[in-house]
Amino acid sequence: MATIQQTTQTISQQLSGLYPEQEAGAMAQQVLEHVLQQNRVQLSLSQQQEVTIMQQEELRTIVSRLLKNEPLQYVLGVAHFYGLELQVNQNVLIPRPETEELVDLVAKEHRNQQGLKILDICTGSGCIPIALAANLHTEAVYGLEVSEGALEVAKANAANYSQTINWLHQDIFDDIQTIASGSLDIITSNPPYVLEEEQQQMRANVLEYEPHLALFVPDTDPLKFYKRIAIVGYSLLKPAGKLYFEINERYGPETCDVLLEAGFAEAKVVQDLFGKDRMVRAVK
């Protein structure tokens, strides 16, 4: 039977046809951690341990799915986000590091406040509201999502961390009846913002597996969701309440203009760790 060390090398080599060598190696490591139920340190200390026949079968199944471009997080059923381990499947986008930066910005700016009321729009896996509920002093947290399949995932994730989130199954383009005007401190949103014309630049594992409903907007109306959320947000936020967007880096100034036109007192672009225009922060 093969050892852990040999198995890791084999999987890494198999994946290197699809992924850069370093990424293939990291994926092989995560797959072994998942199947053997060992963390990184345990795995490194047991390199000569043999992999059982049952474990080899499970590994073969996982690798065959990965070789069809299926994202690792869907294959393993989990994604790591801001200290949380969240369930994911093809009903939700895989949470991205950029979205962690959005959560971190909100958490840092509101850490000392009490009784916060927060709404996340286009909530997907629930990663943003759950992470904020876990890291801030909240009175009420809402997550709005049009996809029933996505909401099922979000509800399971919230239950797993015993976080009470008020889930709203509705389209943002319909009126929100369940939240009073002028009652919220914070609104967050990572809405669809990828242009249809940008599809050819995207990796196959995103294009073939992640939900297009949560990704794409028409080339003719790239700020469709931002325009609507700006209007809804202005109505629902308290005076001096804040709205935080994740954005398409091509449209930072334009997104700010949308918010200012909706009545917000200020709006500014915030760059991510790589210096890209990735967030917009607005104050009512």
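Coordinate-derived values only; no laboratory data. Everything numeric in this text was worked out from a predicted model, so none of it was measured. Cβ atoms come from the backbone with ideal geometry, glycine included; neighbour counts cover every protein chain shown.
Find which of 121, 83, 154 sits farthest along the positive direction of the dipole of region 81-185, computed with +1 on the beta-carbon of Lys and Arg, -1 on that of Asp and Glu, about the Cα centre.
Of 121, 83, 154, it is 83.
Arrange 66, 119, 223 by Cβ neighbour counts within 10 Å, fewest through most, would you?
Sorted ascending by nearby Cβ count, the order is 223, 66, 119.
Arrange the following residues from fewest to most other Cβ atoms within 10 Å of their Cβ: 174, 272.
Fewest to most other Cβ atoms nearby, the residues stand as 174, 272.
With charges only on Cβ, +1 for K and R and -1 for D and E, what is the dipole size of region 88-283 about its Cα centre, in debye, rounded to 20?
Here the size comes out at about 640 debye.
Quick check on the exposure proxy: order 247, 179, 94 from fewest to most C-beta atoms within 10 angstrom.
Lowest count first: 179, 94, 247.
Could you sort 126-133, 275-282 so that the peptide with the highest average Cβ count within 10 Å comes first and the rest follow in order?
Highest mean packing first, the order is 126-133, 275-282.
Cα axis of helix 21-36 to longest principal axis of the chain: angle in degrees, 0 to 90, nearest 10?
80 degrees
Do any chymotrypsin sites (Phe, Trp or Tyr not before Pro) in region 142-250 lie in a loop, going by DSSP, with at most 13 other beta-carbon atoms within 10 Å of their beta carbon, and if so which?
173
Using Cα pairs under 8 angstrom and six or more residues apart, how large is the relative contact order of region 88-283, in percent?
Averaging sequence separation for qualifying contacts and normalising by length gives 20 percent for region 88-283.
Charges on Cβ only, +1 for Lys and Arg, -1 for Asp and Glu, centred on the Cα centroid of region 1-130; of 99, 25, 49, which one is farthest towards the dipole's positive end?
Farthest towards the positive end: 99.
Can you give the % of DSSP beta bridges in the chain that are antiparallel, to the nearest 5?
45 percent
Return the FRET efficiency for the residue pair residue 49, residue 152: r is the Cβ-Cβ distance, R0 is 41 Å, and the value is rounded to the nearest 0.05.
0.65
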